[in-house]
Every structure is written in C-alpha cells, then in structure tokens.
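The values are calculated or read from the model by the stated rules, or taken from the named source; none is laboratory data. From a predicted model like this one, the values you see are computed outputs, not experimental measurements. Backbone-built Cβ (ideal geometry, glycine too); neighbour counts: all protein chains shown.
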Amino acid sequence: MIPANEVEARKNRLPTLTGMRFLAAFLVFLCHAAFQGFLSDSALQGNLQDWLLKAGWAGVQFFFILSGFVLTWAARPGDTVTAFWRRRAAKLYPVNLVACLMAVVLLLATGGALTAERAIPNLLLVQSWLPDYPAFDGLNPPSWSLCCEVLFYALFPFLLKLVNRIQARRLWWSAGGVFAFMLVMPSVATLLPLHPMLADITSFPQFWLVYAFPVTRVADFLLGILLARIVLSGQWIRIGLLPATAVAAVSYVITVVAPVLYSMVATMTIGLVLVIGAGATADLSKGASALRGPRMLWLGEVSFSFYMVHVLVLTYGHRLLGGGAWSPPVALAVSAALFAVALVVAALLHRFVERPAMKYLSRKRVRPLPVLEVEFERLEPLVDSNSRA
C-alpha cells in the first residue's frame, strides 16, 4: 500500500527535470563538438577538450541517475513486468535502429568500410559488454549508453522491490553505500592492463570498467531509485535548486582537476544528486524554476533523439565542410549551425519514430497483476533512456 502523501506527490509532473534533460544532452553535444577539431588554434583546442570532455561524462551520468529516479516516481502497483519491458523496448530499439541505418548510409556515402564488428553489436545494443574499442565505438558512438539502459530496465522491477523494503530512515545510508562503491571502482580499475586510449590519459580496459561496463553503471541507476524514494518518503534535505546548482558547479571544477578514473563518475555524483532532488522538490512545492517553460519542455522531450543523432551530424557535417579548422568565431558559427541541424533531425526522429513507436508498440494491454505499473503516458517526457556520451 502506497502512503497517501506519496500518492499525492506522484500525481505531480516534474517539468524541471524534463528541462534538465536537454541541458544534459547539450553538455554531451559540447563534449563531442570539442573533439571534432573545429579550432585552428591547437592550444585553445586542447584546453577546450580538457574542460568539455568531462562535461559529456557528467551528462551521461545525469541521464543514468535520472532514469532510475523517474521510473521510480512513475511506478504504480498493477502492471506486469513484461508490460514494463515492452514499453521500454519500444522506447529504445526503434530510435536506435533508425540511427544505425542513418549511420550506415552516411558511412557508405563517404567511402567508409562497414564491418560486422562495428555494426552488429550496435544494432543489438550489446557493444558495452566487452572491453573492445571498435565494438564500443560502433556505428553511432552515443548508443553505447543504451546497452546500460537495457540492463537497467531488465533489473528495475527487482531493484524497486528491494529498495521499497528499505526503511525510510535508512535510505540515505543506502545511497551512501552506493556512492562508496563508485569511489572504490577507480582503484579496482587500476588493476587492469594499460593500453593507451583517450589521448593517453587512461587505458581502454580501465575506462571500460569504470565508465562503460553496464554492470558498473547500475550504481548510477540504483542511486536514482534511492533518490526518488528519499524524496517521496519526505527524507530529502532542505536545499534549493540554486544552491544545488552551485554545488554541482563546484563538483565540476573538482572533476576537471581530479584523476581521470575518478572524474568519470565519482566526483560529479553528489552535485548531480542534489540537482535532481532539488529540481523535483521545486516542482512539488511550486518553487522557482527557469526550466518549466514550453520551449524547455519541448527540448527535453526531443533530447533522446537529439542525443542519438548529434554525433552523426557533427562528424559527417564536418566532413561535408571539408574537415577543416577555423578561427574561434568561424568555429563557433559552424558548431551553432551543426547544433541547429542536429536539433531539426532530432525533432523529425522524435515526431515520426520515437512517439509513434511508444504509442503503437506499447498499446497492448494485459491483465493487471500486483507487480508494478509505470504510467508512461503521463510522465513520458520525463522517462529517459539515453543516456548517454
């Protein structure tokens, strides 16, 4: 039986979190744009990459935590586990399939070689399960994060049952335990062999274990589930959205200077948790938020499609422009133009693939069982699946 105060809280939409989704996707866009080499000034280009690489990592972690949060927020008794899985599959696979087809067309049109090693894992969303860089990079690099989301969704009904058994006063302690796991993983990763990758700042096996391995990233998703339970049970600390954002900004500065294996996940965790929790409570209390406007809501709704196409637009758009490097004003104009193109493509993908797939492939109804219900129609703009850089 869900307490009455939680039932009332769940009726609230969380538009601030929807707006935040696009900001996270934009951070990932900035990260990938920085590594396109648009700037002719190599020193400035290097500094930009140093600062924005970790913005992409933070954006992906935000999506993973938010995914656990909003699924928990939307959960109701009454739906079957299989119905939940069907809805999540309808969210992920059609968009991934279309993005892969776009990648194949662009690759072949530009004279690239299509290999099974890159294509098949990307199509099946299994490329993050093995520490193999060509498979991980795939046809469309951002889709690696969907491998993690597939595991998250598979585990969600069971993780939610476990978290619901935790007493309210112990939820913060449980979240602290998950965070401790995140702090330990970088040290564990140093036991893996060194094979240079990412401009020699780490090795791919180490990067994979801390950042890309789906089992490791379940910690982010579980933290989101715990965070939702903390807010719903009235255990959230009193911190507003503005102070939480300030903490996140400080966390990012720490992330930029921290050892790379820690900066992939651990150093941004507290800041992201505070921002998501404060954003949700701001919506519950009708507090001030600049992210609730119709434009931000629309951007949040198309953020998954934007995330899935932005690297293709950046990469092949750059090639179409000759693959050159320019002065800062020209590089900024090129980045803005490619951002606009990616947003238009994302809007089309959202309108003609993502929304119809969710509508028609999720239509089947089954006899309710007392397991789990997730009302995607009500909270669809919030339920994220992509996560991902």
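For the reader, a short list of remarks on this structure follows.
- Residue check: residue 200 meets all listed conditions (1) modelled with pLDDT under 95; (2) of a type in the set (Asp, Glu); (3) surrounded by 23 or more Cβ atoms within 10 Å (Cβ to Cβ) but one, namely (3).
- The set of residues in the stretch 24-43 being more than 11 Å from residue 55 (Cα to Cα), among the hydrophobic types (A, V, I, L, M, F, W, C) and in contact with a helix residue (DSSP H, G or I) (Cβ under 9 Å, 6 or more places away or on another chain) consists of 33, 35, 38, 39.
- Output for the stretch 217-245, where each listed residue is farther than 19 Å from residue 181 by Cβ and aromatic (Phe, Trp, Tyr): 236
- Taken together, the residues in the stretch 126-152 that are farther than 24 Å from residue 68 by Cα and among the charged types (D, E, K, R) amount to 2.
- Spans of helices (runs of 4 or more DSSP H) in the stretch 78-188 with at least 2 residues more than 26 Å from residue 314 (Cα to Cα) and either touching a Pro at 6+ places or on another chain (Cβ under 7 Å) or modelled with pLDDT of 95 or more (or both): 81-109, 144-164
- Among (1) hydrophobic (A, V, I, L, M, F, W, C); (2) surrounded by fewer than 24 Cβ atoms within 10 Å (Cβ to Cβ); (3) farther than 16 Å from residue 57 by Cβ; (4) over 15 Å from the mean Cα position of the chain (by Cα) - the single one residue 218 does not satisfy: (4)
- Enumeration of residues in the stretch 18-57 that are aliphatic (A, V, I, L, M), farther than 13 Å from residue 307 by Cβ and in a helix (DSSP H, G or I): 20, 33, 34, 43, 44, 48, 52, 53, 55
- If you go through the stretch 223-242 and keep only what is closer than 15 Å to residue 73 by Cβ, in a helix (DSSP H, G or I) and not β-branched (Val, Ile, Thr), you end up with 223, 224, 226, 227, 228, 229, 232.
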